Amino acid sequence: MTRLRSEDIYAIGPSMSDYDALLVRKTGRSLGKIAALAASVALASIDQRKCKVAVVPLTCGEGIIEGFSQAVAGIIAYLGFEVFMTDGTDAAGLALAVEHGADIVFQADEERFVAINFANRKTSDNSDATGRGFATAFELMCGSLSGRRVLLVGCGQVGRSAAIKMARRGAQLTVYDIDHTISSKLAEFVQRETGCRVLVGTNLDEVLLKHCLIFDASPADGFIKGRHLSAKTFIAAPGIPLGLVPGCWAQVEERTLHDPLQIGVATMLYDVCG
Ligand code: 2YC
């Protein structure tokens, strides 16, 4: 996943209800319902009193992203859970989280963004959760993926998680990565895990022209252009940047799912609470 910038996330907390209304309009379901579906948990089974959450900033690597912990806490608070951001960072922050009664900790370094539930020992990784969460929302937005041809661009951790979920929901997948070894390996992995046949694309422009359902799990920007779009185009684009050229946003906005953190964090939460 690309490292977020403060400008990507500062507005997340204050705009959660608007974002949720947008999700309901596009998918028919709220953020909480999508995350619960992606985590395969029943909302009624979650006792929020046993899911007190701490977000612990980490200074390692390139350091703290201004607003990152606040954005994560804002998403969790919006879903109705008690959440606090620790005053301390790193080891001190982790100790404070436990001392102040947190059952669950969210923390991210440069390599991984994880949620850990100390009570039930469940963990969730942001890349895996994001792939599942967006694949779930994508299926709701498209109506169904069964028998539908879906193009996955970007065969990293998010793409892998989304590919498994979509193949299991009946999608006829074509996978593309700029590194054809990676896309071939993902195709083999998905076929082994799901028994579903997966095609490997080698020409990005060609596969974009041939698909209406596009899952953009790539760190590239601006590769989905006007000529690739139609009134039947649906796009799921987790994370930053968005692969769609800016000038085309208005054309597919109503049929595009895109956020820097919300669906992934919500899915992580229900993964560890369920
Ligand atoms: O503020 C902090 O605690 C920083 N250590 C957070 C660093 C997050 C780096 N990762 C990312 O920006 C993206 C996230 C969407 C999750 C995965 N990569």
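The values are calculated or read from the model by the stated rules, or taken from the named source; none is laboratory data. Small disclaimer: the values here were computed from a predicted structure and weren't measured. Positions of Cβ are generated from backbone atoms using ideal geometry, with glycine treated the same way; all protein chains shown enter the neighbour counts.
Quick test of your reading of the structure: Gly80 fulfils all but one of (1) assigned to a helix (DSSP H, G or I); (2) within 20 Å of Ser30 (Cβ to Cβ); (3) away from the ligand (no atom under 13 Å from the Cβ). Name the failing condition by number.
Of everything listed in (1) assigned to a helix (DSSP H, G or I); (2) within 20 Å of Ser30 (Cβ to Cβ); (3) away from the ligand (no atom under 13 Å from the Cβ), Gly80 misses just condition (1).
Answer with yes or no whether Val53 is modelled with pLDDT of 95 or more and in contact with a Phe, Trp or Tyr (Cβ under 8 Å, 6 or more places away or on another chain).
In short, yes.
So that you can scan it fast, the table gives a plain yes or no per residue for (1) loosely packed, with under 15 Cβ neighbours inside 10 Å; (2) more than 16 Å from the ligand (Cβ to nearest atom); (3) more than 23 Å from Gly239 (Cβ to Cβ):
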residue: Ala39; (1), (2), (3): no, yes, no
residue: Ala44; (1), (2), (3): yes, yes, yes
residue: Asp47; (1), (2), (3): yes, yes, yes
residue: Leu58; (1), (2), (3): no, no, no
residue: Gly67; (1), (2), (3): no, no, no
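If we keep just the residues of segment 1-18 that are more than 16 Å from the ligand (Cβ to nearest atom) and in contact (Cβ under 8 Å) with a residue 24 or more places away in the chain, which is farthest from Ala266 (Cα to Cα)?
Only one residue tops the list, namely Pro14.
Do the conditions hold for Gln157, that is, is it within 16 Å of the ligand (Cβ to nearest atom) and closer than 21 Å to Arg192 by Cβ?
So Gln157 fits the description; yes.
For segment 188-203, which residues satisfy the criterion of being of a type outside the set (S, T, N, Q) and part of a loop (DSSP other than H, G, I, E, B)?
If the condition is that a residue be of a type outside the set (S, T, N, Q) and part of a loop (DSSP other than H, G, I, E, B), then Gly195, Cys196, Arg197, Val198, Gly201 are the ones that fit.
Quickly run through segment 205-245 and pick out the residues that are assigned to a strand (DSSP E or B) and aromatic (Phe, Trp, Tyr).
Within segment 205-245, Phe215, Phe234 qualify.
Check Thr136, Thr181 and return the single one that is crowded, with 24+ Cβ neighbours inside 10 Å, more than 16 Å from the ligand (Cβ to nearest atom) and among the β-branched types (Val, Ile, Thr).
Thr136
Specify which of the listed residues (Leu173, Leu199, Leu261, Leu208) is among the hydrophobic types (A, V, I, L, M, F, W, C) and within 16 Å of the ligand (Cβ to nearest atom). Lay out the reasoning, then the answer.
Working: Leu173 fails: within 16 Å of the ligand (Cβ to nearest atom); Leu199 fails: within 16 Å of the ligand (Cβ to nearest atom); Leu208 fails: within 16 Å of the ligand (Cβ to nearest atom).
It is Leu261.
Every residue in segment 121-146 that is touching a strand residue (DSSP E or B) at 6+ places or on another chain (Cβ under 7 Å) and more than 26 Å from Gly274 (Cα to Cα), please.
Residue satisfying the conditions is Cys142 alone.
If I ask for residues that are closer than 16 Å to Gln172 by Cβ and either in contact with a strand residue (DSSP E or B) (Cβ under 9 Å, 6 or more places away or on another chain) or modelled with pLDDT under 95 (or both), which ones from segment 194-207 would you list? Break it down stepwise before answering.
First, pick out the residues of segment 194-207 that are closer than 16 Å to Gln172 by Cβ: 194-201, 207.
Of everything in segment 194-207, those that are closer than 16 Å to Gln172 by Cβ and either in contact with a strand residue (DSSP E or B) (Cβ under 9 Å, 6 or more places away or on another chain) or modelled with pLDDT under 95 (or both) turn out to be Cys196, Arg197, Val198, Leu199, Val200, Gly201, Val207.
State yes or no: is Gly63 farther than 22 Å from Arg255 by Cβ, of a type outside the set (Val, Ile, Thr) and either away from the ligand (no atom under 16 Å from the Cβ) or not in a helix (DSSP H, G or I) (or both)? If you could, list the steps in order and put the result at the bottom.
Details: farther than 22 Å from Arg255 by Cβ: yes; of a type outside the set (Val, Ile, Thr): yes; either away from the ligand (no atom under 16 Å from the Cβ) or not in a helix (DSSP H, G or I) (or both): yes.
Considered against the rule, which asks whether it is farther than 22 Å from Arg255 by Cβ, of a type outside the set (Val, Ile, Thr) and either away from the ligand (no atom under 16 Å from the Cβ) or not in a helix (DSSP H, G or I) (or both), Gly63 comes out as yes.
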